[in-house]
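Read through the structure below, which is laid out as structure tokens, and then see the notes.
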Amino acid sequence: KIIYTHAPVHKEGRHWCKKGHCRVKTEYNIYIKRLTVTTMTSNSNLSTMRRLVEQLKLEASVERIKVSQAATELQQYCLQNAGKDALLVGVPTGSNPFREPRSCAVV
Amino acid sequence: MQDPLPPPSSSSSASPACDVITSAVHSASCLSAVDRRRTNTYTHTHTHIHTHIYLYMRPPPGAMATQELQINESLAHLKTESESLKTKLEEERAKLHDVELHQVAEKVEGLGQFVMKTRRTLKGHGNKVLCMDWCKDKRRIVSSSQDGKVIVWDAFTTNKEHAVTMPCTWVMACAYAPSGCAVACGGLDNKCSVYPLSLDKNENLAAKKKSVAMHTNYLSACSFTNSDMQILTSSGDGTCALWDVESGQLLQSFHGHAADVLCLDLAPSETGNTFVSGGCDKKANVWDMRSGQCIQSFETHESDINSVRYYPSGDAFASGSDDATCRLYDLRADREVAIYSKESIIFGVSSVDFSLSGRLLFGGYNDYTINVWDVLKGTRVSILFGHENRVSTLRVSPDGTAFCTGSWDHTLRVSSSFSFSLFSVISLSPEVLLTHCVFFFFFFLQIWA
């Protein structure tokens, strides 16, 4: 699967920028994240390995519940709060603070 | 970028055994240097470190050989232990995976298609908008852009209330204080600065700037904790840190990411003291703020995680990544429970946020659109167009009435769901009604496509 990092640019033909091939900073596609890459694969260092093992032990001892139970609780929360969710049910146009301001004529 | 390794001089090696070891070690390090150039990464290898030890410390050859063997043994032992622990962790997680989220949610009513409408367009930034945040009063917005400007807007009237010019460009993080009296921002200057806002519009905000955080690489995200007194920051140097605003002191630092940390989000509850961070190492880590420990770690994304956001109940969080998917991770089940993706979506997600009830997940994508997902069923319910460049930031307002998106097209848009009451439709004249029907017809056609 090809992963594209930059959106297509509509300037004299299309410029599709695939990850790994785009090292050139174009004037409209400078993506700051790749300017400083500091990947440290220090797996072989003794102390980091010890820390990794300790971390894994800690993570393995976490208390877990079943996915069915977790999913039911997520669903319950959604349904309980669905009524208050303005983006879900919408608000009557009168009380929507972002409605277009209507001009009033004073008679 | 890296200093060249000194070659092993023949005069310094005390014996043939030492010579062999150092030359073997040096050739291995040379190989890693070639790798370095090709992949453009730092690789601290075991051999690299040992080269320095052998050249500068020169212990007697017999002891050195046994020391090397001992270290190798324990390293191998630790490696096998870590591998076994990882498989054990996966097994434990898989045991509890009895059902999928969308299967549990089958009985829930579907949402149907949604219509969202842009209510306000905030124009005024001179360059790409990189980050934004809402104030707790549900009306003010702070946004930062590539040209170094940080602007505080009133979203109802679209007026600019305050504007600050930062000394650096690419202000990638900004946050509003819970009290509404200050904003924090930072970016390429590696610092997080807090600006107290005053009612006097003519006052020079830059003069009152307070430098709080210091990192060794760019600041990618910042957020106030429950009070104005503490700030949590994440940086390109791979660490997150908790700072005290008054003194600028580092209270806690969080190490564990192997690459740049791009985003963070605090747990929503008042008493909660955990936060989640996502980084370029494809991992999302959940941290305990008091101890600095990483409690849980999730690594199922295939690319950098650009944004993480807690579910409103605090039991789960969503993440958006460059692999064009959003994923939902449950903290109590300790695993990924849903993936939000489509074959037709190939561009990465830059930011995600939940609606108030958690039923909707909004994702801002690099293909200039905003996709709205049904969290429980895993389907897309709406797609919004309007931005002319990639959507870089997206936040839902604190009371959930609207959401604001910032984009590389220099604007911010405040949108909300479009609903019309039957009464208002009936009261419209026939011509207006007809044009409305035609409009909706084409709108729905676009969504279905």
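Each of B:Phe439 and B:Val115 was given a label point 7 Å from its Cα along the Cα-to-Cβ line. The distance between the two points is 0.8 nm. Applying 1/(1 + (r/R0)^6) with R0 = 30 Å to the Cβ-Cβ distance of B:Glu299 and B:Phe156 gives a FRET efficiency near 0.10.
If one computes the Cα centroid of segment A:50-74 and of segment B:212-249, what distance in Å separates the two points? About 27 Å separates the Cα centre of segment A:50-74 from the one of segment B:212-249. Spacing of the modelled spin labels on B:His97 and A:Lys84, each 7 Å from Cα toward Cβ, amounts to 3.4 nm. A crude spin-label estimate for the pair B:Asn204 and B:Ser247, with each label 7 Å from Cα along the Cβ direction, gives 3.1 nm. Mean projection of the Cα convex hull over all viewing directions, computed for segment B:219-301: 5.0 nm². For segment B:132-143, 3J(HN,Hα) computed residue by residue from phi via the Karplus equation (6.51, -1.76, 1.60; θ = phi - 60°) reads 8, 8, 8, 8, 5, 7, 6, 10, 9, 10, 10, 9 Hz, glycine and proline entered as x.
Each Lys or Arg adds one and each Asp or Glu subtracts one; over the other residues with Cβ under 11 Å from the Cβ of B:Ala318, this totals -2.
Peptide B:276-285 has a mean of 1 when you count, residue by residue, the C-beta atoms of other protein chains within 10 Å of its C-beta. Here the Debye sum runs over all C-alpha atoms of segment B:184-267 as equal scatterers in vacuum, and log10 of I(q)/I(0) at q = 0.12, 0.13, 0.16, 0.20 Å⁻¹ comes out as -0.34, -0.40, -0.58, -0.85. Given R0 = 45 Å, the distance between the Cβ atoms of B:Ile346 and A:Glu63 translates into a calculated FRET efficiency of 0.70.
Taking the centroid of alpha carbons for each part, segment B:153-207 and segment B:65-105 are 45 Å apart.
Between B:Ala402 and B:Ser397, the built amide H atoms are under 5 Å apart, and every one of these is 5 or more places off in sequence or on another chain.
Chain A packed on chain B takes about 7300 Å² of accessible surface away from a 1.4 Å probe, both sides summed. The number of Lys pairs in segment B:170-311 with C-alpha atoms less than 21 Å apart, excluding pairs fewer than 8 positions apart on the same chain, is 5. Quick check: net charge around B:Cys168, other residues with Cβ under 15 Å of its Cβ, Lys/Arg +1 and Asp/Glu -1? For residues surrounding B:Cys168, the net value is +2.
P(r) for segment B:130-173, from all Cα pairs and a bin width of 10 Å, is 33, 50, 17 %, short bins first.
Using the Cβ-Cβ distance between B:Thr80 and B:Ser211 with R0 set to 45 Å, the FRET efficiency works out to roughly 0.45. For segment B:124-203, the alpha-carbon radius of gyration amounts to 0.99 times the rule-of-thumb value 2.2 N^0.38 Å expected for a compact globular protein.
Average accessible surface for segment B:60-178: 49 Å² per residue, computed with a 1.4 Å probe over protein heavy atoms with every protein chain in place.
The values are calculated or read from the model by the stated rules, or taken from the named source; none is laboratory data. Values in this document were obtained by computation on a predicted structure and should not be read as measured data. No Cβ is skipped: glycine too gets one built from the backbone with ideal geometry, and neighbour counts run over all protein chains shown. Areas reflect the complete protein model, heavy atoms only, side chains present, ligands, DNA and RNA absent. Shrake-Rupley method; radii C 1.70, N 1.55, O 1.52, S 1.80 Å.
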